[in-house]
Every structure is written in structure tokens, then in C-alpha cells.
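Peer 1: Handing you a structure now.
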């Protein structure tokens, strides 16, 4: 399995990371080095093996389905790069 | 009293309780050591005001006579832990200016026990790296050097700042986190002790997430006893982390008897790697001899899927990272790119993440995106999770045979030079974690203990791996190894 420039561009798009066209061939090459390394997993016989879901067998704790905190709009917006009128502000999403 | 910053936690605790020293004096000594160690680039945010306030409160508590062991002990905190009102950037540009409105559970546990925060410590960006060279703050530097050669060496990573700070006595101990070896590898590179507890021992709440099924916090200290004391203060059940275990926390220090007679300690044959330096092989053999002399029964064991641990890790960790790091979008916190006329929200995401994430983080996020994408999910991600099941079973099988602990080298080499690996392909760097990553995949506790120096005068460490939830027993085996190895060397001060 070899990754080409177009696949690299597609992956960058899916990951929402801007990669300049000129940087794509080098990126594809790096992907191929990493993927070449993980190809080894194909050698392992995994017939009948369950994929691991949780490393420690444990039943997740449950709690009452009630509100446990809130009323901290100021704190939540405090680190926002752009907050206005009590909301996070972003570029126009809907025309 | 001179050189208070050089004390261990245990020594400082005893002096504090005896009234021979105050936390204020200890804290001042550490702050001074940290301020004059800029060349190590270990501390990246200093918090002297918080430290002095906490130290005064600790002294008041100690004078009342019922202070816990960590009370008054000055610590460095890895930048991955969210600390209220103090920059917490995970070594990344994308979290520039971020000051959490909350405190991580682990750091809160330490403050509740009376510990003192000196500041935040350098690390690889989002804990992705083995040399501390991916940090937005620049490289942390190892206080150790090769003989008289003044080439700067890596303290390891990702907890490189923590390792450098502890080894150089800028603090009494530090917090670290370990996803594939990020506590144990830097501990080994700097001649200190570092333990990654069983997955679930320490709450992950408030620790910036890298790969959630692998991440664990742990202490980095000057001795095994200190690791026992500090680990006890860090761990405990936390309802805010659903994977945090609800088990009593033992008094780990009380379990340090040094008696390992009759313990069965395994030597896994698969950990003899091609091209491993003779010095590491010898250190390992010497370590086994020391444990045998202390009364342990050494047995040869096999962990047949060892070879596949790193490839499985480099599917699972990037997959989880690509999901965890999706939150850095320039909306709620941290960096947002300047937008051009006509740019919409997609351009904002793409430019923000291109500017905010460094190269290694971008690569791992994209690898993770690829292995989770439609058509490849089964071939890569599901297969890696099946291999992980097999790796865990390897350990379960040897524990079922009565093995109490496993002895391995901590790293395949001593610390290397900063920049030396810059032209290597990414996989060469990943090999640093070859002995440690299996432990994260299996969720087990593992500890690195300094055991000797190489020909160039650099520290080398051994790793002991324990049964799940049996950190106390593991620490005791490590204590026996520490006593037998008698490692007391310190780096000569040049910084």
C-alpha cells in the first residue's frame, strides 16, 4: 500500500490541516515510512481474537442522570480567541 | 543549610517534621536553582508567588503536627497537567495563552497533600516525542554530558523537562505522564527513577489527552522511596474519570522492605534486540544477578508478540490522538489563525491547525486520520486492537505461571545528542520506546531505576514490570534493585 500525493492531500483535508501543495510529496513519503512500519501487523494471526476495548476489565460506574454543575458561562468563554455577547464567535457558517 | 534542593522527598519530609528546615527555605532553594538553570530549559513557566504562598501554608500545617508526607515538598509539574490560572500548553503553540479555569485531579491531590508548585515543565508537544525536540518552548537539555564533551544531549521525552529538572536538583520531584514510555525513557536517560502505574491508578481528568487508552500520570523522583511516597499522593479514585479505578490506595512506602526472597522475576528472551549495545546487555545481566543475589528466582520467559508492540502502538496512539486533538479548532481556547478576506470556518480550522500544531503532531494526527478512515479501519485500527489483546495475553500468561515481575532494559541506548536524530526517518525515533511501549498496551505498572553508567559516563536504567494493581510489590522489587545497584552518581554542574 503506497500513499501518493492525492491521498496525502485527502488525509490532510480530513484532518483539517492546511498543507501546501509543495509539501505534499514529502508528507506522502513520511506516511509511507510509518505505514511500511505498521504493515508488519499483517504477519500476526488474529483469527478469533477480539479487538481490545478496555485494557482493564471494568464495569464503568454509573451515576444519577442529573445536572451536576453549570452557571459558569464566564469561565467557559474566558479562553476563547473571540467571544461576543456570551457566545463563541466564528466566521459566517451559513450564507 | 546548604543545597536544600538536593534533598530527596523522604529526607526533606523528615527534616520538615523534625523542625530542622522549613518549606519556605526548601522552596527558596529550589526557586533559586530553577532560576539559574535557564540553559537546561526545563522550567517553561515559573510560579514563585504560588510556591511561596503554598510553602507558608505548608509550614503552618507542619507546625500543627499532622501533615502528610508530601506537605511542604517543592515540585515541578509537567506542562500537560492543567493548573488553574497558570499557563498549560502541552508544549504546543495551539494552546498559547491558555490558562485553565480548573485544576487536574492529580495536581489537586498533590496540593491537598500540601505540596508546593514551582512551575511548569518542558515536554514534547502533546507528549508526542522521545527527545523533547518537538516542544514549542525549544529543547529541554540533559544535565548529563559525555565525559568532557560539551555537546548538548536530550533528556529524553516526552517528560524531558521533568527528567532534566529532577536530575539537576531544580525541584525535589516532578510529575510526568507516560503513553509509550514518556516517564521511564527520560528517567533512564537522566539517572532518576520514574514509575508509570497501572492504567486507571491515576485520574486522567485535567491532563491534556494524547491517547486516552494508554495515558497515565506518574512521579519522577530521585529514589524509589520517593516514587512510593509521591505515587500514593497522586493516585486515588476520581468520579470525573470513568476509567479511574475504585480501589484502596496502599501505603506504598510501608511495602519497601527490600526483601524479595522467593520472588519469581522473568527475563523475556524477545527483549534481546539486534544491534543493542553490549553495555546494555551487560547492565541487564548484572541487574538479573543482583536480584538473584537478593534472593529472587530468575526465570527465562517468552512474550512472543513483543515485536508487534511498536507497530500496534503507532496505529492505536495516532488514531486516539487524531480524535482527541480534533478539539483544537481555534474556537474555544488557544490559538486562532488570522483569516484572509472571504475565509470561512473550514479555512479557519485548517489554518489554525497548520499554524498551531508542530510537524510531528500534524503527522500523527494525519496518520491517525488515515488508519481510521473508511476502507482502512479494519485493516489497520481493528487489527492493531486485536494485536493489543495478544500482547496483553502474553503478560497474563507469564503472570499465570507465577512470575511476579519482569526485568528488562529501560531503553535501547543512553541519551543521544540533540539534533542527532533529525535526519532519521520517524520510525528510528519511535524505536526508543521498544522496551516500554508493551507496558502501556497491556495497562501494566512499569518502573525505570538507574543502574549504572556507560563508557561515556552517561546513566543507563533498567525497567521492572509488575502485575496490575501491584505497584507496592513492584516498588519493593525496584527498591531491592536500587540498593544492590547503588547508583549515586550525579551530573557535574555546567549550567
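The values are calculated or read from the model by the stated rules, or taken from the named source; none is laboratory data. None of the values given here were measured: they were computed from a predicted structure. A quick note on method: Cβ atoms are made from the backbone with ideal geometry, for glycine too, and the neighbour counts reach across all protein chains shown.
Peer 1: Among A:41, A:24, which is the only one that is touching a helix residue (DSSP H, G or I) at 6+ places or on another chain (Cβ under 9 Å) and facing chain B (nearest Cβ under 7 Å)? Outline the logic, then answer.
Peer 2: Working: A:24 fails: facing chain B (nearest Cβ under 7 Å).
After ruling out the rest, the residue left standing is A:41.
Peer 1: Among the residues of region A:59-72, count how many are surrounded by 10 or more Cβ atoms within 10 Å (Cβ to Cβ) and more than 7 Å from every other protein chain (Cβ to nearest Cβ). Working first, answer last.
Peer 2: Restricting attention to region A:59-72, the residues satisfying the condition of being surrounded by 10 or more Cβ atoms within 10 Å (Cβ to Cβ) are A:61, A:72.
With more than 7 Å from every other protein chain (Cβ to nearest Cβ) added as a condition, the list becomes A:72.
Number of matching residues: 1.
Peer 1: Still on this model: Could you look through region A:1-26, keep only residues that are in a helix (DSSP H, G or I) and over 18 Å from the mean Cα position of the chain (by Cα), and pick out the one that is surrounded by the most Cβ atoms within 10 Å (Cβ to Cβ)?
Peer 2: Kept after step one, since they are in a helix (DSSP H, G or I), are these residues of region A:1-26: A:5-14, A:21-26.
Now restrict to residues that are over 18 Å from the mean Cα position of the chain (by Cα): A:5-6, A:21-26.
Details: A:5: 14, A:6: 10, A:21: 8, A:22: 7, A:23: 13, A:24: 17, A:25: 11, A:26: 12.
Among them, the one singled out is A:24.
Peer 1: Looking only at region B:221-235, decide whether some residue is modelled with pLDDT of 95 or more, over 20 Å from residue B:474 (Cβ atoms) and surrounded by fewer than 24 Cβ atoms within 10 Å (Cβ to Cβ).
Peer 2: Taking region B:221-235 first, the residues modelled with pLDDT of 95 or more are B:221-235.
Narrowing further to those that are over 20 Å from residue B:474 (Cβ atoms): none.
No, there is no match, as no residue in region B:221-235 is modelled with pLDDT of 95 or more, over 20 Å from residue B:474 (Cβ atoms) and surrounded by fewer than 24 Cβ atoms within 10 Å (Cβ to Cβ).
Peer 1: Determine, yes or no, whether residue B:361 is closer than 30 Å to residue B:269 by Cβ, crowded, with 21+ Cβ neighbours inside 10 Å and touching a helix residue (DSSP H, G or I) at 6+ places or on another chain (Cβ under 7 Å).
Peer 2: On the way: closer than 30 Å to residue B:269 by Cβ: no; crowded, with 21+ Cβ neighbours inside 10 Å: yes; touching a helix residue (DSSP H, G or I) at 6+ places or on another chain (Cβ under 7 Å): yes.
No.
Peer 1: Going through B:11, B:35 one at a time, which residue ends up being without any contact (Cβ under 8 Å) to a residue 12 or more places away in the chain and closer than 25 Å to residue B:137 by Cβ? Spell out how you get there, then give the answer.
Peer 2: Working: B:11 fails: closer than 25 Å to residue B:137 by Cβ.
The conditions single out B:35.
Peer 1: Identify, from the list B:329, B:394, the residue that is out of contact with any strand residue (DSSP E or B) (no Cβ under 7 Å at 6 or more places or on another chain) and over 26 Å from residue A:28 (Cβ atoms).
Peer 2: Values: B:329 fails: over 26 Å from residue A:28 (Cβ atoms).
B:394 is the lone residue from the list that is out of contact with any strand residue (DSSP E or B) (no Cβ under 7 Å at 6 or more places or on another chain) and over 26 Å from residue A:28 (Cβ atoms).
Peer 1: Check off (1) more than 29 Å from residue B:333 (Cβ to Cβ); (2) at the interface with chain B (Cβ under 10 Å from one of its Cβ atoms); (3) without any contact (Cβ under 8 Å) to a residue 12 or more places away in the chain for residue A:35 and give me the number that stays unchecked.
Peer 2: (3)
Peer 1: With the condition being at pLDDT 95 or above and either within 11 Å of chain A (Cβ to nearest Cβ) or on the phi > 0 side of the Ramachandran plot (or both), I'd like the helices (runs of 4 or more DSSP H) fully within region B:330-441 carrying at least 3 qualifying residues. If you could, list the steps in order and put the result at the bottom.
Peer 2: Values: elements: B:345-356, B:359-372, B:383-400, B:426-430.
Fully inside region B:330-441 and qualifying: B:345-356, B:359-372, B:383-400.
Peer 1: Take the conditions modelled with pLDDT under 95 and not in a helix (DSSP H, G or I) and apply them to residue B:20. Does it pass? I'd like the intermediate steps shown before the answer.
Peer 2: Values: modelled with pLDDT under 95: no; not in a helix (DSSP H, G or I): yes.
No, not satisfied.
Peer 1: If you go through region B:85-108 one residue at a time, do you hit one that is closer than 21 Å to residue B:324 by Cβ and part of a strand (DSSP E or B)? Spell out the reasoning first.
Peer 2: The first filter runs over region B:85-108 and keeps only residues closer than 21 Å to residue B:324 by Cβ, leaving B:87-107.
Then keep just the ones that are part of a strand (DSSP E or B); that gives none.
The answer is no, given that none of the residues of region B:85-108 is closer than 21 Å to residue B:324 by Cβ and part of a strand (DSSP E or B).
Peer 1: Next question. Name the one entry in B:291, B:325, B:303 that is crowded, with 21+ Cβ neighbours inside 10 Å, more than 8 Å from every other protein chain (Cβ to nearest Cβ) and not in a helix (DSSP H, G or I). So that I can check it myself, show each step before the final result.
Peer 2: Numbers: B:291 fails: not in a helix (DSSP H, G or I); B:325 fails: not in a helix (DSSP H, G or I).
The unique qualifying residue is B:303.
Peer 1: Does region B:452-469 hold any residues that are surrounded by fewer than 22 Cβ atoms within 10 Å (Cβ to Cβ) and touching a strand residue (DSSP E or B) at 6+ places or on another chain (Cβ under 9 Å), and which are they?
Peer 2: Going residue by residue through region B:452-469, those that are surrounded by fewer than 22 Cβ atoms within 10 Å (Cβ to Cβ) are B:452-457, B:467, B:469.
Within region B:452-469, B:452, B:453, B:454, B:467 qualify.
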